[in-house]
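Worksheet: one structure, shown below.
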Amino acid sequence: MPYEETPVGSVQALYRYPVKSTAGQALRASTVTDRGLQHDRRWAVYTDDGGIASGKRTRRFRPVPGLMQWSSRIEDSETAPLLLSPEGRQYRVDDPGASRALSAAFGRELTLRPETAVRHHDETPLHLVTTSSLAALEGLAGAVDERRFRANIVIDTGSRPAFCEDGWVGAELVLGGEVILRLGEGMPRCVMIDQAQAGVPAERKALKLLGAHHSAEFGLQAHAVQTGKLRVGDVVTLRRNRTA
């Protein structure tokens, strides 16, 4: 089937979050699997009622304020990530001492668990933002740290217009020589984008501005339809069916 392909930029940054709702790990390269970046959100902190610790409350998630001040990282060859406290103490997540340290720090029972049938990600396994939209938000709010939005992929879209990705919904992105993503709807945003995380201070303005100017959405949801290796600097091409 013939396609129309348009270069739209390049991969500027990659992030994964080995323990959900902790500060992320910047990468130069990552394998993209059918459930997102390798090791992304494979572990999470659980509350005593079985909820997944987060910055918000939903059917699955429970607010644990301050959890994003902790961070996590993992090497691709390892099986379990390290959890790092704000003071720099390190714990392997599969060591019971990690759950005890979290429980002591937050004054409530918290347990680290790997993902099972209940997915740890929010709407989709992957999500992306563009530098054009980050620049638009900076025009409204001043300097904006891209880490605030906890995206997996930041795409440098150069001088393309603000929120250019709004026109990509339903299309595919080809990234580098291997990875193809199917793009979904805009990513709905919540109070987490205003909360402090390791290296990023609290800012009580991003969500309000997005609510007023962009339906409280920022970036796009995405699923991998072709897996492979993704690297910072990879060319990003928008691909559509010519008959669409």
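Full extension of the segment from Asp145 to Thr79, taken as 0.36 nm per residue of separation minus the current Cα-Cα distance, would add 20.8 nm.
Size descriptors for region 1-58: radius of gyration and Dmax over Cα atoms are 16.2, 53 Å. Principal semi-axes of the equivalent ellipsoid, √(5λ) from the alpha carbon gyration tensor of region 35-99, are 20, 15, 11 Å from largest down.
Each of Val144, Ser30, Ala44 was placed along the dipole of region 21-157 (beta-carbon charges, centred on the mean Cα), and the one lying farthest toward the positive end is Ala44. Of all DSSP-defined beta bridges confined to region 1-121, some 75% are antiparallel rather than parallel. Counting every Cα pair in region 106-244, what percent are over 26 Å apart? Here the long-distance tail beyond 26 Å is 30 percent of all Cα pairs in region 106-244. Averaged per residue, the chain has 45 square angstrom of accessible surface, using a 1.4 angstrom probe with ligands and nucleic acids left out. Note that region 46-181 carries a Kirkwood radius of 17.7 Å, evaluated over its alpha carbons pair by pair. Computed from label points 7 Å out along Cα-Cβ, the spacing between Leu209 and Arg59 is 3.4 nm. What separates the Cα centres of region 109-165 and region 212-244 is a distance of 12 Å.
Simple point charges give the picture: +1 on the Cβ of Lys and Arg, -1 on the Cβ of Asp and Glu, and for the chain a dipole about the Cα centre of about 480 debye.
Taking 14 Å as the straight-line reach from the Cα of Lys208, the aspartates and glutamates in range (excluding those fewer than 8 positions away in the same chain) are Glu138, Asp194, Glu217.
Applying D = kT/(6 pi eta Rh) to region 135-182, where Rh is the Kirkwood radius over alpha-carbon pairs, T corresponds to 20 °C and eta to 1.002 mPa s, the Stokes-Einstein value obtained is 168 µm²/s. Computed from the Cβ-Cβ distance with R0 of 22 Å, the FRET efficiency linking Arg28 to Glu123 stands at 0.25. Evaluating 6.51 cos²θ - 1.76 cosθ + 1.60 at θ = phi - 60° for every residue in region 187-194, the Karplus couplings come out as 7, x, 10, 9, 4, 4, 6, 9 Hz, glycine and proline recorded as x. Pick out, from Thr58, Cys164, Pro2, the residue whose Cα sits farthest towards the positive end of the charge dipole of the chain, with +1 on the Cβ of Lys and Arg and -1 on the Cβ of Asp and Glu. Toward the positive end, the furthest listed residue is Thr58.
If R0 is 30 Å, the Cβ-Cβ spacing of His223 and Ser159 corresponds to a FRET efficiency of close to 0.60.
The values are calculated or read from the model by the stated rules, or taken from the named source; none is laboratory data. Here the structure is a predicted model, which is why all the values come from computation and not from measurement. Don't worry about glycine lacking a Cβ; one is built from the backbone with ideal geometry, like all the others, and counts go over all protein chains shown. Keep in mind that these areas ignore ligands, DNA and RNA; they rest on the heavy atoms of the full protein, side chains included. Shrake-Rupley method; radii C 1.70, N 1.55, O 1.52, S 1.80 Å.
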